[in-house]
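Q: This is the structure I want to talk about, given as structure tokens.
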Amino acid sequence: MIWNNNKECMSREQMRALQGKRLHKLVEYVYHNTPFYRNKLQEMNITPDDIQTIDDITKLPFTTKQDLRDNYPFGLQAAPQSEIIRIHASSGTTGNPTIVGYTRKDIGVWSECMARCLTSFGITREDIVSVAYGYGLFTGGLGVHYGVENLGAAVVPASTGGTEKHVRLLRDLGITGVACTPSYALHLAETMEKMGITKEQIKLKVAAMGAEPWTESMRKEIEERLGLKAYNIYGLSEIMGPCVSYECSEQNGSHINEDHFYPEIIDPETLQPLSYGQQGELVFTTLTKVGMPLLRYRTRDLTTLQPGDSCSCGRTSVKMGKICGRSDDMLIIRGINVFPSQVESVILSIPECAPRFLLIVERIDNMDKLTVQVEMRAEYFAQGFDTFEPVFKLEKQVSEKLKSVLSISAKVEIKQPGTLERSEGKSKFVIDKRVLK
Ligand code: DLL
């Protein structure tokens, strides 16, 4: 089933013409409403009239997370504050998060694109869908929520945590669709098994899974243990949230809502565009966004693009492959983005801590666990900090501060001075023990 035949099944010529028209309008809009872009375009001697077709996109500058950080919080917002009706935030590379404001029109586009995704997964008005992405500043919960409502299915805003309660709701309400991270889906399966509830006792038929990388063998396991079909959904806050791309019945690549989000793949080193099939960094331009439109935003996600117009589902939009890595050091832990630099900024702000730390990420019972080992400064250690009480207090202080900056809990281990491994070259800050099979 297809939600919007007109847009999802457009001929390639029509799509490219629409994208060109929208790009011209977008450049005109940011030129007049975002000083950041006006300055950049003027520096490059580009006026909106230079952008007439979608191929002209390569003339435009890139935008990076650093640009968002430098213009924190609202510097890249194009719409006046009175037009903004929702604000989300995602992890910045240090203390400040990345702020994204949406106008009513943006929320409408988001809900439209989400309805396209859910329809592609086979969800209809007859379904009951529980959303087990976090509700709050993270775009997962509310993003999917509005899409389910727009489609006309019933939404159960379960959010994360409370897994046993969620399992009972699945069984008692006859919930047919669930939206969550793939690792949470496995955790759900495990909890169900512990509670003695079998997949025959629940009615789940579809899972909408994203926010973190996952593999074919995880898909198989989730489908098997929960008795459903699991589909990929991809997105990022800076561009919109969940809804940027979605799998179809082929479960092989995700169609991009490219009438709204124009994709490119570039070489992350040379920044030159790459062609279909070549792996590189994914870049998006928000063709219709009003609140905080972005030109050529570098996602740092590594993948490939493929033509989608011969897909058996009937959609014609370009498909992206699985995310197979990042061109920066961002980690995704329990669906939350974490930069080692955020941890560093917390540690540097606590005088007792030496600027030496190690992040250890593990997956235990399908749940990600983060341990942060930090060295205490020698002078504090010498001042009687070698006893249990002050160390425990310091661990608590670091852990509370980390929680407030990262939005996830971490186990903190304070180490004696000089005990974390030193390396000759670049220090190794992260040990990621998770193996995605
Ligand atoms: O994770 C939005 C989202 C919510 C997508 C729910 C899907 C479902 P951010 O917190 O800004 O937004 O994180 C965006 O997460 O750049 C990818 O690295 C990663 N990511 C998102 N979806 C997928 C996916 C949301 N399906 C970052 N597969 C992105 C792999 C994903 N990685």
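The values are calculated or read from the model by the stated rules, or taken from the named source; none is laboratory data. Because the structure is predicted, anything quoted here is derived from the model rather than measured. With ideal geometry, Cβ positions are generated from the backbone for all residues, glycine too; neighbour counts draw on all protein chains shown. SASA here: full protein model, heavy atoms, side chains in, ligands and nucleic acids out. Shrake-Rupley method; radii C 1.70, N 1.55, O 1.52, S 1.80 Å.
Q: Within region 174-188, count every residue that is touching a residue at least 60 places away in the same chain (Cβ under 8 Å) and either away from the ligand (no atom under 16 Å from the Cβ) or not small (Gly, Ala, Ser) (or both).
A: Residues that pass the stated criteria total 4.
Q: Separate question: Looking at Gln201, Gln251, which is the one that is of a type outside the set (A, V, I, L, M), within 16 Å of the ligand (Cβ to nearest atom) and open to solvent by 10 Å² or more (accessible area, probe 1.4 Å)?
A: Gln251
Q: Being of a type outside the set (Asp, Glu), within 14 Å of the ligand (Cβ to nearest atom) and open to solvent by 40 Å² or more (accessible area, probe 1.4 Å): is that true of Thr160 here?
A: yes
Q: Limited to region 87-108, what total is found for residues that are open to solvent by 40 Å² or more (accessible area, probe 1.4 Å) and within 30 Å of Lys401 (Cα to Cα)?
A: 4
Q: Going by the conditions given, is Ile408 assigned to a loop (DSSP other than H, G, I, E, B) and within 31 Å of the chain's Cα centre (by Cα)?
A: yes
Q: Would it be correct to say that Glu352 is open to solvent by 60 Å² or more (accessible area, probe 1.4 Å), away from the ligand (no atom under 11 Å from the Cβ), more than 13 Å from the chain's Cα centre (by Cα) and acidic (Asp, Glu)?
A: no
Q: Could we say that Val148 is touching a Pro at 6+ places or on another chain (Cβ under 6 Å), closer than 30 Å to Pro97 by Cα, touching a residue at least 24 places away in the same chain (Cβ under 8 Å) and within 15 Å of the ligand (Cβ to nearest atom) here?
A: So Val148 does not fit the description; no.
Q: For region 35-86, which positions are open to solvent by less than 70 Å² (accessible area, probe 1.4 Å) and aliphatic (A, V, I, L, M)?
A: Result: Leu41, Ile46, Ile51, Ile54, Ile57, Leu60, Leu68, Leu76, Ala78, Ala79, Ile84.
Q: Let me ask you something else. Give me the residue from region 257-286 that is away from the ligand (no atom under 12 Å from the Cβ), aliphatic (A, V, I, L, M) and under 19 Å from Pro307 (Cβ atoms) and, out of that set, surrounded by the most Cβ atoms within 10 Å (Cβ to Cβ).
A: Residue satisfying both the conditions and the ranking: Ile265.
Q: Filter region 290-335 for residues that are surrounded by fewer than 19 Cβ atoms within 10 Å (Cβ to Cβ) and small (Gly, Ala, Ser) and give the result.
A: Within region 290-335, Ser310, Ser312, Gly314, Gly321, Gly325, Ser327 meet the criteria.
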